Amino acid sequence: MLKKCILFLTLLATATTVFSQIKIFDKPLSPRIANYAMKARLFPETKIVEASYVLNWWNASNDTIRELQFHLYLNAFKNEKSTFIRESGGRHRSGEIKLEKENWGFIDVLSMKVLDGEELKSKIEFIHPDDDNADDQTVIRIVLSKPILPSQSIQISCEFRSKLPRVYARTGFSDDQDDFFLVGQWFPKIGVWRNGAWNCHQFHSQTEFFADFGVYDMELTVPKQYIVGANAVLVNKKETDSLAVYTFHQEDVIDAVWTASSKFTEIKQKVTIASTGREVEVTYLLSPGREVYKDRLFAIATAMFNYFDEWYGAYPYPNLTIVDPPINETMTAGGMEYPTLITTGSFFSSARSNDFLGLNWPEVVAFHEFAHNYFQSMVASNEFEEPWLDEGFTTYAEHRALERFEKDGKISGGYGNIFGLNFSSLAYHRLSYLPRPKSGIVGEKAWMIPENFYQTAAYSKPVLLLTTLQNYLGEETMNKVMHTYFERWKFRHPQTKDFIAAVNDVTGQDFNWFFEQFVYSNKTVDFEISSIRAFEIKDQMGWFGDTEEKTFAEDNNERKEDSTETHTEKRYRSVIFVRNNGDAFFPTTILIRFANGDSVIEKWDGKENPKQFTYNKESKAISACVDPEKIIVLDLKLSNNAKVVDPEMAGISRYTLRFLFWLQCMFQTLTMFV
Amino acid sequence: MIFSIFARSLRTTLQQKKMMSLLWAISFLFAFPGFWITHRTLNSYFGGRQVAGEWLHQFNLSYLLEMINDLPSLIPATNALFFGSALLFLVVTIFLTGGIVGKLIQAVSGDSSNGEGFAPSFFSLSGKFFFRILRVFLWTTLLSLVSFAFMMIGGYAGLITAALIAVWIMTSDITKIRLVSDDSGKVTKTYFSSFIWVMKNIPSVALVYLLNFFLLVMTFALYKFLDNALIANGILKIFLMVVIHQMFVFFRGAIRIQMFTSAILLWHAKLKTMASVASNPSENLLDEQTQPA
Ligand SMILES: [Zn+2]
């Protein structure tokens with residue numbers, strides 16, 4: 001095997017790695033700072049990728065750059081001393097790194113030099129900018145003897161060997177029977193030069209990847225029986241007796257990933273985006289047993305291109321690859337986003353268990369990962385520094401897509417319809433937020449967010465606050481905001497302030513109060529109708545009228561108990577108290593209904609707290625509801641938002657009686673063996 | 001032969017109205033505390049709120065989650081209540097099984113006129129066989145748990161688990177019938193000889209159980225159809241929903257009885273013998289006398 005590798009390396013060295021002549025976009029969509037022409041060959045038996053590249057990197061800043069920094073992500077899986085393993089305890093989702101020798105992964109830089117110039121390999125130095133872990137080898141620094149001047153380019157050639165880990169955190173190989181490889185974060189990847197310094201963080205367990213845009217050419221060699229997919233357009237495929245060589249090309253993306261398996265079922269489908277009539281070629285690579293999801297994936301793909309086009313903007317690429325990993329790797333390789341390549345999956349190893357339980361996991365995962373093509377891949381915010389802009393916007397898009405998909409009748413429930421109970425994605429995110437509303441701040445840097453709040457800060461609270469904003473602005477305005485943000489910041493690196501600017505510019509109002517309270521602080525809202533009372537007003541005695549024809553009113557003061565009938569001669573005083581138990585303010589409305597069918601909508605700026613509303617009318621108030629349109633889904637308790645004088649409790653019996661039935665059924669099942 | 005046994009057993013089962021009612025009543029009784037506490041908690045938590053009115057039209061999980069979030073002791077308390085009542089229910093069911101099998105054997109042999117009322121003989125049979133049936137239950141549970149090992153392998157090995165569990169259920173039913181009809185105390189020996197008997201007669205035993213299983217599936221399908229068709233958004237409709245639910249529970253209990261009845265008939269038919277029931281079941285339910293079927 002080693003001989004083979006050496007032979008291949010010599011081949012690589014002699015072959016010139018060239019940038020392809022193919023063009024996808026007439027005009028570059030991005031600054032194209034980091035461009036790679038790569039050659040790689042997969043050796044499935046040893047789980048090794050032997051590869052080389054030529055990197056063409058451009059200094060887009062006004063700085064003179066004296067050193068380079070690269071990520072060596074795969075070294076996160078090298079040993080237990082890496083920051084990634086230390087932080088994660090060797091776990092990622094349900095995956096766990098197992099101790100066998102071949103399960104660990106690493107990357108070795110075999111040679112590196114400035115093309116036709118300085119040798120760099122000997123200058124490589126491991127650094128650990130984020131922590132004091134000197135054993136972490138996921139970032140390297142190379143001090144150049146000749147600095148890179150503003151606007152100048154540098155071409156670097158590099159040979160490297162990537163030993164893939166057993167996939168447990170979304171890159172690597174699977175069990176032999178599945179024969180599946182997901183080759184991600186597999187090459188020395190240059191950091192981002194930003195604000196006069198390298199932004200090149202170590203590989204942490206919680207965060208993902210930040211990179212510059214560029215053009216990628218990949219020539220991938222695999223044993224012939226393997227089917228290869230990549231986040232790029234397939235340009236050419238050549239076969240020899242035993243090998244297949246795939247050539248891929250992609251423009252204006254931030255990463256390169258590929259997958260190979262001898263077990264894939266490959267399906268291609270053209271999806272038309274209705275607004276422009278443009279077609280995207282979708283390639284499905286389905287692992288054994290996952291073909292049953294084919295039709296669901298088709299429906300998802302068709303919907304998502306159109307939804308996202310309507311809500312955010314055009315998907316510019318001609319391709320998307322959807323990989324459904326092997327059943328056993330659902331949690332380890334599934335649910336990963338790369339530009340124009342996503343991996344899906346469903347929670348359960350059995351394809352049918354989803355249907356049985358009524359879960360919509362394939363939809364949840366696919367919408368989520370595709371949304372990352374917008375938030376992270378195109379709008380390339382820094383997940384490490386502002387995780388909510390990436391995962392939060394993505395999860396909000398996922399939530400919105402699920403709601404629309406349900407409205408379109410394609411699924412039942414958001415996350416699922418579990419034995420008849422609609423488990424909406426909003427309920428899920430509230431479940432994450434409600435127990436810990438004060439535990440952390442959304443707009444915080446990733447490493448500053450308490451671990452027990454990370455999920456809430458990066459995913460769930462952003463869904464709630466962006467949905468609240470959408471409800472408050474209306475769908476149309478929200479779409480304008482999102483389009484503006486997307487158009488301004490696609491292929492660039494925005495920050496939260498840039499999104500706020502988009503909101504303020506589109507609405508013509510100052511929304512800083514909103515972001516100050518819900519992104520940059522842990523303030524909460526909890527509206528409550530604390531009381532609603534109505535009683536008959538005692539008739540006023542004496543003479544009434546201005547003219548000589550006065551009328552005399554006698555004492556008629558016996559109060560009638562609780563009659564909701566309206567008597568023309570009777571008047572009622574209704575008093576409603578509304579309060580906000582939280583410390584954030586939010587302008588809202590209150591809907592009051594009266595027994596005679598009248599209703600009143602009151603505005604409340606939310607600042608005077610609590611607030612009282614009093615009515616003298618011929619009819620009693622029977623119900624009061626604060627935020628009746630359910631705009632503020634950030635509200636910590638929605639159940640206290642409405643109060644009625646005469647509550648209809650049958651709705652509770654409907655479910656508790658069903659619960660009784662469930663208990664009986666469970667008991668009967670339990671005694672099956674008796 | 002199997003189909004006539006099935007038809008005969010159905011007729012016999014349908015005559016066991018007291019037994020069916022009893023099974024339904026205990027399921028109701030034991031589930032009731034869990035229901036009542038949940039019902040009271042929800043009513044007091046959402047009292048005066050509009051939630052219940054909204055739920056009448058559409059369930060909103062968010063409200064329930066708020067309550068659970070607010071009352072952190074609710075879930076552990078409900079769990080304790082549930083497991084407590086489930087355990088009691090299990091014990092009571094094991095207790096009643098002796099009576100069920102004994103009375104069914106009497107009914108099948110056509111001897112139900114033994115002078116006593118239903119209750120005294122039923123409960124004395126229950127008491128007499130309680131510990132034996134408990135041991136049968138423990139065997140079945142143990143063997144079923146062991147059978148789950150196949151499920152760990154994954155793939156189609158799960159089917160082996162299902163098949164094995166079915167075999168243990170059949171074996172345990174035959175064992176109970178033999179223990180009661182022979183008034184034998186040799187639980188373990190009877191269990192394993194019943195297992196051999198089941199395996200020897202697997203086509204007919206499996207067919208009888210499949211027919212019963214089919215009956216259960218049909219009952220479930222009918223329940224599911226009615227339950228789906230009914231949107232319980234008013235008092236009357238909620239009442240109808242409860243009727244549908246309770247009918248299903250009732251018939252599910254009845255099918256359990258039917259499984260015993262058909263197994264008894266099958267056992268007797270295979271032996272070509274039929275036990276004669278002693279006149280005083282509390283003393284000696286079945287003697288060793290046998291007569292041709
Ligand atoms: Zn994500």
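The values are calculated or read from the model by the stated rules, or taken from the named source; none is laboratory data. Owing to the predicted nature of the structure, the values given are computational and were not obtained by experimental measurement. As a convention, Cβ positions derive from the backbone with ideal geometry for all residues, glycine included, and neighbour counts pool all protein chains shown.
Side notes on the structure shown:
- A:L591 vs. criteria within 14 Å of another protein chain (Cβ to nearest Cβ) and more than 30 Å from B:L29 (Cα to Cα): yes
- Out of B:T41, B:T97, sole residue that is among the hydroxyl-bearing types (S, T, Y), closer than 17 Å to A:Y655 by Cα and at pLDDT 90 or above: B:T41
- When residues of the range A:335-351 are limited to those that are more than 20 Å from A:E281 (Cα to Cα) and away from the ligand (no atom under 12 Å from the Cβ), the one modelled with the lowest pLDDT: A:S349
- Lone qualifier among A:V245, A:V228, A:V233, A:V257 - being away from the ligand (no atom under 16 Å from the Cβ) and either within 14 Å of another protein chain (Cβ to nearest Cβ) or in contact (Cβ under 8 Å) with a residue 60 or more places away in the chain (or both): A:V233
- Residues located in the range B:138-176, provided they are within 17 Å of B:T93 (Cβ to Cβ) and touching a Phe, Trp or Tyr at 6+ places or on another chain (Cβ under 6 Å): B:W139, B:T140, B:T141, B:S144, B:T175
- All conditions but one from (1) within 14 Å of another protein chain (Cβ to nearest Cβ); (2) under 38 Å from the mean Cα position of the chain (by Cα); (3) in a loop (DSSP other than H, G, I, E, B) apply to A:D583; the one that does not is (1).
- The criterion of at least 2 residues that are hydroxyl-bearing (S, T, Y) and farther than 28 Å from A:T395 by Cβ is met, among strands (runs of 3 or more DSSP E) falling completely within the range A:238-321, by A:243-253.
- Residue in the range B:215-230 that is under 24 Å from B:A107 (Cα atoms) and more than 14 Å from every other protein chain (Cβ to nearest Cβ) present: yes
- Residues that are at pLDDT 95 or above and polar (S, T, N, Q), drawn from the range A:8-40: A:N35
- Subset of the range A:637-649 (residues that are more than 16 Å from B:I37 (Cα to Cα) and facing another protein chain (nearest Cβ under 7 Å)): A:K637, A:L638, A:S639, A:N640, A:A642, A:K643, A:V644, A:P647, A:E648
- Residues of the range B:8-59 satisfying the condition of being within 7 Å of chain A (Cβ to nearest Cβ), aliphatic (A, V, I, L, M) and touching a residue at least 60 places away in the same chain (Cβ under 8 Å): B:L56
- Selection from the range A:375-430 of residues that are of a type in the set (S, T, Y), away from the ligand (no atom under 16 Å from the Cβ) and in contact (Cβ under 8 Å) with a residue 24 or more places away in the chain: A:S412
- Meets criteria (under 30 Å from A:G358 (Cβ atoms) and not β-branched (V, I, T)) for A:L469: no
- Odd one out for A:N354, checked against (1) surrounded by 19 or more Cβ atoms within 10 Å (Cβ to Cβ); (2) at pLDDT 90 or above; (3) in a helix (DSSP H, G or I); (4) more than 16 Å from the ligand (Cβ to nearest atom): (2)
- From the list A:R141, A:R66, the lone residue that is surrounded by fewer than 22 Cβ atoms within 10 Å (Cβ to Cβ), closer than 18 Å to A:F187 by Cβ, modelled with pLDDT of 95 or more and of a type in the set (K, R) is A:R141.
- Screening A:L670 against (1) modelled with pLDDT under 95; (2) surrounded by 18 or more Cβ atoms within 10 Å (Cβ to Cβ); (3) within 7 Å of another protein chain (Cβ to nearest Cβ) leaves a single unmet condition, (2).
- Taking the range B:61-113 as the range and being of a type in the set (D, E, K, R) and either farther than 26 Å from B:P33 by Cα or away from chain A (no Cβ under 12 Å) (or both) as the test, the residues that pass are B:K103, B:D111.
This table checks each residue for (1) more than 23 Å from the chain's Cα centre (by Cα); (2) free of Cβ contacts under 8 Å to residues at least 40 places away in the same chain; (3) over 19 Å from A:N319 (Cα atoms).
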position: A:C200; (1), (2), (3): no, no, yes
position: A:F210; (1), (2), (3): no, no, yes
position: A:T276; (1), (2), (3): yes, yes, no
position: A:R290; (1), (2), (3): yes, no, yes
position: A:Y293; (1), (2), (3): no, no, yes
position: A:A299; (1), (2), (3): no, no, no
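- Among the numbered conditions (1) part of a loop (DSSP other than H, G, I, E, B); (2) modelled with pLDDT under 80, the only one that A:F552 does not meet is (1).
- Residue that is farthest from the ligand (Cβ to nearest atom) [pool: residues in the range A:440-492 that are within 14 Å of another protein chain (Cβ to nearest Cβ) and among the hydrophobic types (A, V, I, L, M, F, W, C)]: A:L464
- Scanning the range B:210-237 for residues that are under 21 Å from A:M666 (Cα atoms) and either under 24 Å from the mean Cα position of the chain (by Cα) or aliphatic (A, V, I, L, M) (or both) yields a count of 16.
- Meets criteria (modelled with pLDDT of 95 or more and either within 11 Å of chain A (Cβ to nearest Cβ) or assigned to a helix (DSSP H, G or I) (or both)) for B:V146: no
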